[in-house]
Amino acid sequence: MAHLAVITAPNIGYRNTGMVTVDLALESLRLRTAAASGKDIEATWYTLHPPESAPLRDDLRGAEFPFRFRSLDEHRDELRDHDAVVFWGDFLHARHYLVQDATNRLMDHGMAADRAAAQELLHRNLLLADEPDDVLARTLVYGGTILHNTQSDHDDKEYGPAFARLMKHSHRVWMRDPISAAKVAQLRGDRTTESFGSDAALLSRPVELGLLPATPWSQGLPEGEAIGVFLGSRTEIPEWLPGFCHDVADRFGARLEWLPWFDRRVPAAVEHLAVRPGERTLGDLVGVLPRYRLVITDTYHLAVNSWGAGTPVMCVGAPQPTVPGDDDYLSLSDLKKHVFHLAYDAADFYLTTDPDTPDRLARRIDRLVRLVEGGGAAAVAGRIREHAERSAADVAGALASVLFGPSV
């Protein structure tokens, strides 16, 4: 029996649907690696704030999660007893995440008295600053991003050395976007080993594994009949967008419906959209994606999961590059959505919120219809899937090598 420690970003109450699919992807990887090696792998899951630290979302009925999270700060010493350590997904090592989201959350939960104490705790837990070299040597980093890191971040006397040590001495590192991958390759001095991994959510097969049972809420939707819409969560809805969505639906001969990816009220700008009645589960939100003709959203992991399901996405975001405000969480920046689409030649499917003329918007719809009906969208989805499958095989092989030795 090999013992694997998994470290993920907090998903308090399991509120973030996309992060659930990211975490479930590790179970797919564990099973894949165990099957290929013919050996058993036991995973122990760690995060700074276990989901149960807040009330759980209401639609978890029937979900069989393969994890029970332990507090990383309370049990960090256990990492030394594991055969391998995997950091899985998200912004875990980006400095802006450590000084913004993660620090504020630690202080809100009473785990740090001030920002300096929070930074020290985060460097110990997420950069493994106090762990010996042999722990880093059996550590893998997959699906993270340092898209917003800058030289001033690396110049920070506490963050810079600890971050560089983790990146340089970890067994393998794969970032979820090509820009972060290029940064890591340069830092590690290794331009030949693949550093561009897919988003971890693309390795997820929760429905196939039976971990997220679905109901008639999703199974009863005829394929291609509806366009799923989820807007206003990450990007402000411009005045012209609801009308554009209806024009898209008219061209495809499909109806619009609200897709409740997060449990939140429908924004006033699109409150007229139909909400399919009946009780649903978390599994329905994932299971319905391949049944849509198209998904229109401003939410990164809904776009990623939709493309992974083979469903084209019209992804709404601010024009890039944009200069965030001093108080803006960079983890919520639209840049990650734009870069994801650029990485797979899918920029045709990124719709900026800049005002545009009716003629130009009409041409955008013409192009969208040609791509979806002419095979262009399928080519993008295939490109994304091929990369995810290749990356999954790569990380599974590397994990087996750490757990069982290079001969496996």
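The values are calculated or read from the model by the stated rules, or taken from the named source; none is laboratory data. In this text, all values refer to a predicted model and were calculated from it rather than measured experimentally. When we count neighbours, we look across all protein chains shown, and the Cβ atoms used for this are built from the backbone with ideal geometry, even at glycine. Side chains are part of the model used for accessible areas, which takes the heavy atoms of the whole protein and leaves out ligands, DNA and RNA. Shrake-Rupley method; radii C 1.70, N 1.55, O 1.52, S 1.80 Å.
For the range 95-173, the solvent-accessible area of protein heavy atoms averages 40 Å² per residue (probe radius 1.4 Å; ligands and nucleic acids excluded). Pairs of lysine residues in the chain that meet both criteria, 8 or more places apart or on different chains and Cα atoms under 25 Å apart, total 6. Treating each Cα of the range 2-41 as an identical point scatterer and summing with the Debye formula, the log10 of I(q)/I(0) at q = 0.23 Å⁻¹ comes to -0.77. Highest mean packing comes first when the peptides 91-102, 252-263, 33-44 are listed by Cβ atoms within 10 Å, giving 91-102, 252-263, 33-44. With a 1.4 Å probe rolled over the protein heavy atoms of all chains, the accessible area of ILE384, ILE237 falls in the order ILE237, ILE384, largest first. Rounded to the nearest Hz, the phi-derived 3J(HN,Hα) couplings of the range 135-149 under the Karplus curve 6.51 cos²θ - 1.76 cosθ + 1.60 (θ = phi - 60°) are 5, 5, 5, 10, 9, 10, 10, 9, x, x, 8, 10, 3, 9, 4, where x marks glycine and proline. For the range 339-385, the gyration tensor built on C-alpha atoms gives an oblate shape. Its axis ratio a/c (a ≥ b ≥ c) is at least 1.5, and a/b is not larger than b/c. Placing +1 on the Cβ of every Lys and Arg and -1 on the Cβ of every Asp and Glu, with nothing else charged, gives the chain a dipole about its Cα centre of roughly 840 debye.
Ranked by solvent-accessible area (1.4 Å probe, protein heavy atoms only, all chains present), the residues THR150, THR297 order from largest to smallest as THR150, THR297.
Are there trypsin sites (Lys or Arg not before Pro) in the range 163-230 that DSSP puts in a loop and that have at most 12 other Cβ atoms within 10 Å, and which ones? When the trypsin sites (Lys or Arg not before Pro) of the range 163-230 are filtered for loop state and at most 12 Cβ neighbours within 10 Å, ARG191 remain.
Taking every alpha-carbon pair under 8 Å whose residues sit at least 6 apart, the chain reaches a relative contact order of 17 percent. Each Lys or Arg adds one and each Asp or Glu subtracts one; over the other residues with Cβ under 13 Å from the Cβ of LYS183, this totals +2.
Here the accessible area is traced with a 1.4 Å probe on the protein chains. For the chain, carbon and sulfur cover 48 percent of it.
Start at zero, step by 10 Å, and the Cα-Cα distances of the range 132-242 spread as 11, 27, 24, 21, 14, 2 percent across the bins. If eta is 1.306 mPa s and T is 10 °C, what Stokes-Einstein diffusion coefficient results for the chain, Kirkwood Rh from Cα pairs, in µm²/s? After rounding, the answer is 72 µm²/s.
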